[in-house]
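Have a look at the structure below, then the notes.
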Amino acid sequence: MGAKKLPVLDGPVASAGDHRALMSRFPTGVAVVTAVDTVGRPHGMTCSSVTSVTLSPPTILVCLRIGSATLRAVHERGAFAVNLLDAGARDTAELFSGPVPDRFSRVRWIRSQYGLPWLVDDALAMAECRVSRVIRDGDHEVLFGRLLRVAEQPGTPLLYGMRSYSAWRPSSPARPAEMKDMSA
Ligand SMILES: Cc1cc2nc3c(=O)[nH]c(=O)nc-3n(C[C@H](O)[C@H](O)[C@H](O)COP(=O)(O)O)c2cc1C
């Protein structure tokens, strides 16, 4: 007996509102993705589209809006950093997603080993990545990044879901072994 054919999936796509409603029900951590342009100027934007891809080689991805100055800077240097925000860094998440010019004059940051901006007062983990692959789809680019170096510090993650921010509240404290797994 042959497999039953699926109907051809050529109907209209869902609206942007439907997309937002779906993804608002999928809470995530919040990151600021940063990069430097050819003259060394820092750029950065708030991003929740940070996803682990493979452990070997260690790879993550982020999705950035085409037209963003941060995306342009990522292409200029072939590198980006992710700063995973602490629960106390909500103002920074809003700063890097809002219309304020010169975002970096309002936060403390340092240059990582490869010269990328690390938000040392706001992030509980930071990583620098070399772009390994780029896929363009619709109005965003998916950037795959090989992890070069990771730094962690104590903290509690900032979360975003149901269109609002909240702090990670574990039902029981993490055991030391679990903390160790995270950095593996
Ligand atoms: C919680 C949160 C998550 C976001 N995630 C993304 C994302 O993954 N990719 C993206 O392109 N924009 C994302 N944005 C929107 C950008 O932060 C926003 O458009 C910002 O202004 C972009 O910086 P730019 O104006 O310098 O390009 C997010 C905003 C918020 C508040």
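Let's see if you can work this out: charge +1 on each Lys and Arg Cβ, -1 on each Asp and Glu Cβ, no other charges. What is the dipole magnitude of segment 26-182 about its Cα centre, in debye to the nearest 20?
Magnitude of the dipole: close to 180 debye.
Please give the contour-minus-distance gain from Arg108 to Arg25: 0.36 nm per residue of separation, less the Cα-Cα distance, rounded to one decimal in nm.
The span from Arg108 to Arg25 would gain 26.7 nm if fully extended.
Got the relative contact order for the chain handy, in percent, Cα pairs under 8 Å and 6 or more residues apart?
Relative CO of the chain lands at 24 percent.
With each pseudo-label sitting 7 Å past Cα toward Cβ, what's the Arg169-Val142 distance in nm, one decimal?
Those two pseudo-labels are separated by 3.5 nm.
With a point put 7 Å past each Cα toward its Cβ, work out how far Ile135 is from Arg72 in nm, to one decimal.
Taking the two extended label points, one gets 2.7 nm.
Starting from 0.36 nm per residue, how many nanometres of slack lie between Val150 and Thr38 once their C-alpha separation is accounted for?
Roughly 38.0 nm would be gained on extension.
Per residue, what accessible area does the chain have, given a 1.4 Å probe and all protein chains present, in Å²?
65 Å²
Answer with one residue from Pro117, Gln153, Trp168: the one whose Cα lies farthest towards the positive end of the charge dipole of segment 26-182, charges on Cβ with Lys, Arg +1 and Asp, Glu -1.
Pro117
Using only the Cα atoms of the chain, each taken as one equal point scatterer with no solvent, compute I(q) by the Debye sum, divide by I(0), and report log10 of the ratio at q = 0.10, 0.13 Å⁻¹.
Result of the Debye calculation: -0.44, -0.71.
Nearest 20 debye, what's the magnitude of the dipole of segment 1-96 about its Cα centre given +1 on Lys and Arg Cβ and -1 on Asp and Glu Cβ?
300 debye
For segment 26-182, what % of the accessible area comes from carbon and sulfur atoms, probe 1.4 Å?
After summing per-atom areas, the C and S share lands at 54 percent.
So, taking all protein chains as they sit and a 1.4 Å probe, how much accessible area belongs to Asp121, in Å² rounded to tens?
Per-residue accessible area (Asp121): approximately 90 Å².
Once R0 is set to 35 Å, what does the formula 1/(1 + (r/R0)^6) return for the Cβ-Cβ distance between Thr54 and Val100, expressed as a FRET efficiency to the nearest 0.05?
0.45
The values are calculated or read from the model by the stated rules, or taken from the named source; none is laboratory data. Note that the coordinates shown come from a computational prediction; the quantities given were computed from them, not determined experimentally. Methodologically, a virtual Cβ is constructed for each residue, glycine included, from the backbone with ideal geometry; neighbour enumeration extends over all protein chains shown. Quick note on the areas: whole protein, heavy atoms, side chains included, nothing else; ligands and nucleic acids left out. Shrake-Rupley method; radii C 1.70, N 1.55, O 1.52, S 1.80 Å.
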